[in-house]
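In what follows, a structure is listed as structure tokens, so that the remarks can point back to it.
Bear in mind that the values in this text are calculations on the coordinates, not laboratory data. Since this is a predicted model, take the numbers as computed values, not measurements. Note that we place each Cβ from the backbone using ideal geometry, even for glycine, and neighbour counts take in every protein chain shown.
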Amino acid sequence: MLENYWVLILIPLFGFAINGIFGRRFSRQVIAWLSCSTVGLSFLICLLTFWEFIQLPVDKRTISRSLFTWIQSGNLVSEFSFLLDPLSMVMILVVTGVGFLIHVYSVEYMAGEEGYYRYFSYLNLFIFMMSVLVLADNYLLMFVGWEGVGLCSYLLIGYYFEKRSAGDAAKKAFIVNRIGDVGFIIGIFLIFRQFESLEYLTVFRTVSDQFPEPTAGFGVLGAITLLLFIGATGKSAQIPLYVWLPDAMEGPTPVSALIHAATMVTAGVYMIARSAPLYTRAPETLFIVAAVGISTALLAALIAMAQRDIKKVLAYSTISQLGYMFLAVGVGAFSAGIFHLMTHAFFKALLFLGSGSVILALHHEQDLMKMGGLRKYLRVTFYTMWIATLAIAGVPLFSGFFSKEEILWKAYSSPLGNGAFWFVGVLVAGLTAFYMFRLIFLVFYGAERFEEAHHESTPHSPTEPSSLIKVPFMILAFFSIVAGFVGLPEYLGTNRLEGFLAPSFRYMPEPASVEEHGHFSESHLALIAILVTFFGIAAAYQLYIRDRQITERLAARFSLLYQLIWRKFFVDEMYDWMLVRSIRGFSRKILWKSIDVNVIDGLVNGTASLMQTWSHALKRMQSGYARVYATWILGGAILIFLYYYLTSF
Amino acid sequence: MLETEVLLTALLLILAAGASMVAFVPSRKIHLLRGTALFFTTLTFLCSLLLVSHFDSEIDTMQFVQDISWFDVGGLHVRYHVGIDGISLFLVILTTFLVPVAVLASWSIEEKVKSYMFFMLLLEVGMIGVFISLDLILFYVFWEVMLVPMYFLIGVWGGERRIYAAVKFFIYTMAGSLLMLAAIISLYFFNEAQNFDLVEITQKLSSGEIVLSPLAERLLFLAFFLAFAVKVPLFPFHTWLPDAHVEAPTAGSVLLAGILLKMGIYGLLRFCLPMFPAVSVQLAPAISLLAIIGIIYGALVAMVQPDIKKLVAYSSISHLGFVVLGIFAFNFQSIEGATYQMLNHGVSTGALFLLVGMIYDRRHTHLIEDFGGLAHVMPCYAAFFMVIALSSIGLPGLNGFVGEFLILQGTFLENAGRAAFAASGIVLSAVYMLWMYQRVFMGTLQNEKNLALPDLNWREILILVPIVILALWMGLYSSTFLRKMDTSVQKVVDRIEHVREPQIYRVEYSGH
């Protein structure tokens, strides 16, 4: 399989084409089978490839395959070629694996929807594009996947296109992402100018020749890495471009699980990890990455605390968790970032699928305040969401614990880290525990508030979907528990993932002599984080189970703060006012109506009417009367005579 | 090899034969007229493919050359000199491809079909003629010949303000081309051989056999440049375009955007750069500035248009700004990208106008507010529109991206700031296109007149499928096209490079 692993990329494309072109005539079963089996087959190939891959000696684990030349112009070449190395191996396993589970889940979740074929063909296209993004061996091909997944995201957010809000959200997602993409593409221009190649390995080899040590000051590498990072803030929803992701929840819930939680939004983290040889040589940019990451983590966690829409809570949670990943790569802990990316893919996908079951059971109700007491009805959802919540909150031994602790430790101990990163990181961990348990408590415990909301439409109690849909739950729950054991901290064992990924992070600069950093040991810091986490859980318990009154009193007491958080710090309104409205108004009133119509075209039409006026004046010369012409001739003759007479002197 | 020399002339002759056939068919036999036009334009397309297969991409001179004396009067040696190189090859193919498509899209024309089809064939003669002429007078003749049928297509079969638009189009272009005529005549006086041969004059200008004073060089450049800038159209010479597009019938818009605008760019590449490289280099910053203004301005104005056709028209201004920017970056990638982007724009904007025409045939309006929720009743149409819109906004994997990327990458190597400003057009194009798409296709069906709109028929699908295939092909496997352009592009780049370094010295020393 190792020779031809690239076929795993093409199979979903086949599914997309067949379903997309002929899908309208197919029955739902055919569509579902075709779509799921293509991704399933891809995943299978991926597993086989992985099996052969890990048997290779470590230094042989970089396999390129070139299919054809995509663009060649002068010395600029971009091949359609793929690179399989430990980093892309991990990513493609996550993409096809989680992708397959969510395809299976969708078969039933989307059963009642119009345009079933459309949904599945887009989903297949997404898997294809994501595979291209992950496996590309040069920056330009990565950009193909990068914009391609953006397109799929656009199409799927706008899936319920008759809803105005869905159309708006889809457009917003695409445009905000494009803003980031401009940064990315200019970064690519600069990479080509600097290294005369776009292929990762050539670029990395050149950079390690040109810059054996990290550069001092903000140079060309600083510019390249910062530009690429702008791209990452778009795709991975970081400050200042995070605003599209909460709106993206307009899409079907499985899409939120796959694209807007597990895979696509992590592309920015992957891109930075992939470009590690560049980033490690630009410490200034890395500091910005870490600072943006931790700020986003904090901001999004704060907003998540007060949201009432179950999917919005999860969306802000995703933004927050992505912030953690950027913190990790920002302090140079690339494998820690990828580790959290992987565990997050499992537990966040599970949380979204769980929320999907809840939403479906309550007939598309998403308001947390209209849920409650559901643990009796949705047993599987209840247990699996508990597991996922324990994982994301970072309760010891669950997967999220290990990956988050790894990040927090690196944020503190790495030469690029500091105590402040660690402190805010721990604070966010507490907030995460709080808002996630708030969600669990509001959905599954307490009084059944959905009856009041839907008393006319729900004669029977909420039910869970059939067994097929439960399989993805079980599998994701299993990995949400155990996935963390591939990256044990030093005080418990070995970090196998870090070892596995190491070959992808070659071409690093010579490490400067690291002075002993920090005074605390990893286990002590972990203990503090665990305590903060439990404090967050306890606070949620106190507020949402023990005494619901406190919540309201607190909200009333700190109403200004509460409003600020509830209204998401008014960032959307600010962007709308500052950018959208002003540019639109400027274009309509000034550029179009004034400059184009009045000034430029006014000049054109003015010239024309000036000519017309003159012609009208001149045409009187041709009156048709012989006497008038005779007068003109006489006048002309006199003028000529005068001219020669006067010039003869 | 003998038969390939006549290929270019054969194309013109087939079309002329077609035009005279059309002239003999009785005007009430509408189907026969349409069929005849479709047959001859398709035949032309098939013949033109022979050009591709016989084209030798290693040769850096003109190919398929035919050089016959046309008339010798006094000292005037005017020749019928035709030939193509890697730059004009695909422009000819684009023309022969788009015309049958445009004919096929003209089934909704019911009135005066005979003269309509006659003008279409005549228009194609003019368009191909412009791309293959290597004699300045011949070039000028074709350049003007092309105006006439287009004037009538807009003025007779156009919308409500068709007369205004047709006259504006004609006079605007005419004003530019008169300057060009003056320049052609003065070049004749500089040329001792007393002919109008483009290849010879370019050769003599570069070898120094013809010496122009700096002022003369500059004036000649500007005369040609203005003629082409109007045609492109470069900001601020663009205001004829929205009017002409809105009023023109579908086929007119397709060919106007697809081919006619390219003639301006082609002129820049064929005349301005090779003949006056020094002035080109001097004025490049100013021209690039206009191009960048055009990119951003066109996109912003497109965003707020209430009319889909006008939106596409303004988007053309933005797209062609990229092309001009690429040409005046004088870099291999940027010029090759610009040449490629001409084709891409022809395909995707041509297709956009076709699509707008299809909905216009059904509803007789192209105002955005008259639509909404069309995806419910016309899913197939919505899907095609999406693909073409994405190709227009340069989604990687489709054709538009390759050209745009090469242009910007090349421009970046020349001047990073220009490329960075121009890149903002990437965002704006997504804004206007997706916003329009949302208002036309998404949401609920508001307008009762749209409730029973039929989806695309077989003829319309037949028009669109080849275009989509082409968009994918050009986006995924650009080598088919780029490899044939390399040598000719290199020649243009060399010509600029040749004057560039010495130019600095000359300017420095002439100052003392």
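List of remarks:
- Test: residue in segment A:206-214 that is buried (at least 23 other Cβ atoms within 10 Å of the Cβ) and assigned to a helix (DSSP H, G or I): no
- Exclusive hit being touching a residue at least 12 places away in the same chain (Cβ under 8 Å) and in a helix (DSSP H, G or I), set B:L260, B:L234: B:L260
- Count of residues meeting criterion [part of a helix (DSSP H, G or I) and over 17 Å from the mean Cα position of the chain (by Cα)] in segment A:97-121: 17
- Within segment B:369-380, being among the hydrophobic types (A, V, I, L, M, F, W, C), surrounded by fewer than 18 Cβ atoms within 10 Å (Cβ to Cβ) and more than 10 Å from chain A (Cβ to nearest Cβ) holds for one residue alone: B:V377.
- Only residues that are outside any helix (DSSP H, G or I) and touching a Gly at 6+ places or on another chain (Cβ under 8 Å) were counted across segment A:164-205, and they come to 0.
- Considered as a group, the residues in segment B:308-330 that are surrounded by fewer than 24 Cβ atoms within 10 Å (Cβ to Cβ) and farther than 18 Å from B:Y297 by Cβ include one that is nearest to the chain's Cα centre (by Cα), and that residue is B:K309.
- Residue count, segment B:149-188 (criterion: assigned to a helix (DSSP H, G or I), under 22 Å from the mean Cα position of the chain (by Cα), away from chain A (no Cβ under 14 Å) and small (G, A, S)): 2
- Helices (runs of 4 or more DSSP H) wholly inside segment A:216-330 containing at least 3 residues that are within 12 Å of the chain's Cα centre (by Cα): A:220-235, A:244-247, A:267-274, A:310-330
- Given (1) touching an Asp or Glu at 6+ places or on another chain (Cβ under 8 Å); (2) under 30 Å from A:H363 (Cα atoms), number of the condition A:E199 does not satisfy: (2)
- Condition met for A:W33 (hydrophobic (A, V, I, L, M, F, W, C), over 21 Å from A:Y117 (Cα atoms) and part of a helix (DSSP H, G or I)): no
- Residue selection: B:Q446 satisfies the criterion of being in contact (Cβ under 8 Å) with a residue 60 or more places away in the chain, of a type in the set (S, T, N, Q), closer than 26 Å to B:I368 by Cα and surrounded by fewer than 21 Cβ atoms within 10 Å (Cβ to Cβ).
- Residue selected from segment A:135-162 under the condition in a loop (DSSP other than H, G, I, E, B) and either more than 8 Å from every other protein chain (Cβ to nearest Cβ) or among the hydrophobic types (A, V, I, L, M, F, W, C) (or both), by the criterion surrounded by the most Cβ atoms within 10 Å (Cβ to Cβ): A:D137
- Scan of segment A:414-426 for residues that are in contact with a helix residue (DSSP H, G or I) (Cβ under 7 Å, 6 or more places away or on another chain) and assigned to a helix (DSSP H, G or I), ordered by number: A:G419, A:F421, A:W422, A:V424, A:G425, A:V426
- Filtered residues of segment A:163-174 (kept if buried (at least 21 other Cβ atoms within 10 Å of the Cβ) and within 7 Å of another protein chain (Cβ to nearest Cβ)): A:G167, A:K171, A:F174
- Inside segment A:277-296, residues that are buried (at least 22 other Cβ atoms within 10 Å of the Cβ), within 13 Å of A:V331 (Cβ to Cβ) and among the small types (G, A, S) make up a count of 2.
- Restricting B:A299, B:A313 to those that are within 10 Å of another protein chain (Cβ to nearest Cβ), part of a helix (DSSP H, G or I), within 25 Å of B:L434 (Cα to Cα) and of a type in the set (G, A, S) reduces the list to B:A299.
- Just one of (1) touching a residue at least 40 places away in the same chain (Cβ under 8 Å); (2) more than 14 Å from chain B (Cβ to nearest Cβ) fails for A:W33. It is (1).
- Residue selected from segment A:182-198 under the condition more than 7 Å from every other protein chain (Cβ to nearest Cβ) and not hydrophobic (A, V, I, L, M, F, W, C), by the criterion surrounded by the fewest Cβ atoms within 10 Å (Cβ to Cβ): A:E196
- Sole residue being over 30 Å from B:V402 (Cα atoms) and among the β-branched types (V, I, T), chosen from A:I102, A:I71: A:I102
- Given (1) in contact (Cβ under 8 Å) with a residue 24 or more places away in the chain; (2) touching a Phe, Trp or Tyr at 6+ places or on another chain (Cβ under 9 Å); (3) within 9 Å of another protein chain (Cβ to nearest Cβ), index of the condition B:F412 fails: (1)
- Restricting attention to segment A:57-116, the residues being more than 30 Å from A:T463 (Cβ to Cβ) and within 14 Å of chain B (Cβ to nearest Cβ) number 16.
- Failed item in (1) within 14 Å of chain B (Cβ to nearest Cβ); (2) farther than 30 Å from B:L300 by Cα, with A:R620 passing the rest: (1)
Conditions tested, residue by residue: (1) without any contact (Cβ under 8 Å) to a residue 24 or more places away in the chain; (2) assigned to a helix (DSSP H, G or I); (3) aliphatic (A, V, I, L, M); (4) buried (at least 24 other Cβ atoms within 10 Å of the Cβ).
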{"residue": "B:L94", "(1), (2), (3), (4)": "no, yes, yes, yes"}
{"residue": "B:I109", "(1), (2), (3), (4)": "no, no, yes, no"}
{"residue": "B:S115", "(1), (2), (3), (4)": "no, yes, no, no"}
{"residue": "B:M127", "(1), (2), (3), (4)": "no, yes, yes, yes"}
{"residue": "B:F142", "(1), (2), (3), (4)": "yes, yes, no, no"}
{"residue": "B:L147", "(1), (2), (3), (4)": "no, yes, yes, no"}
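- Qualifying residue in segment B:336-357 (condition: assigned to a helix (DSSP H, G or I), of a type in the set (F, W, Y) and away from chain A (no Cβ under 14 Å)): yes
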